[in-house]
């Protein structure tokens, strides 16, 4: 089973049902539609639940469309979005960065 890690504040959004999608750059897990996943609190290592990748779309950060935001947290600006992903993935992040938009089901443990 593949694992997706989330910051604690995002875990809260997942548990409340507010967050049903995640964006991943430079996919090293070969995530695919239909994959079973474990969702983990990045800071504690605790499994918060399990799910299935329901839908997967490949695009770029600069190619995001309005429907790509459904189930995903919003940023106050493009600059904040890029700064957030640079924090996760390093300075190489930009509009041409490949992005996987992952819609998932969730069942808490």
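Derivation of every value follows stated rules applied to the coordinates shown; laboratory data play no part. Small disclaimer: the values here were computed from a predicted structure and weren't measured.
Bridges between two residues of the chain, per DSSP, are antiparallel at a rate of about 80%.
Relative to its Kirkwood radius, the Cα radius of gyration of the chain gives an Rg/Rh of 0.93. To the nearest ten degrees, helix 78-89 and the longest principal axis of the Cα atoms of the chain are 60 degrees apart. In the chain, helices alone account for a calculated mean residue ellipticity at 222 nm of -5500 deg cm²/dmol, with every DSSP H run of four or more residues adding -39,500 (n - 2.57).
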